[in-house]
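Below you'll find the structure, written out as structure tokens, and then a few comments.
Values in this text are rule-based calculations from the coordinates and carry no lab data. Since the structure is predicted, the reported quantities are computational estimates derived from the model, not experimental observations. Every residue, glycine as well, gets a Cβ built from its backbone with ideal geometry; the counts of neighbours run over all protein chains shown.
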Amino acid sequence: MEADTHVQRAFPASAQEPSIVVPPEEKTIEADTIRAKNNILQWAEYLPQDCVKKMIEMGWDETT
């Protein structure tokens with residue numbers, strides 16, 4: 001019994017490198033992360049640190 005040594009690759013027909021496709025849900029997660037970081041930076045400009053920390057604990061950075 002021989003092992004199947006055939007390897008199938010996901011290369012486009014006209015390219016030598018595989019194409020990289022980012023699923024839409026990953027794009028959304030990245031955008032959400034950037035928005036959350038921006039929220040925190042803005043709050044830190046005018047709110048006390050303990051207030052910002054509590055807002056993060058409560059999830060406000062991800063929901064606003």
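Assorted remarks:
- Put simply, region 24-63 fits an ellipsoid with semi-axes of 22, 10, 5 Å; these come from the alpha carbon gyration tensor as the roots of five times its eigenvalues, largest first.
- About its Cα centre, region 24-63 has a charge dipole of approximately 140 debye under the convention of +1 per Lys or Arg Cβ and -1 per Asp or Glu Cβ, with nothing else charged.
- Taken one residue at a time, the phi angles of region 55-64 give Karplus couplings (6.51, -1.76, 1.60, θ = phi - 60°) of 4, 5, 4, 7, x, 5, 5, 8, 9, 10 Hz. Gly and Pro are set to x.
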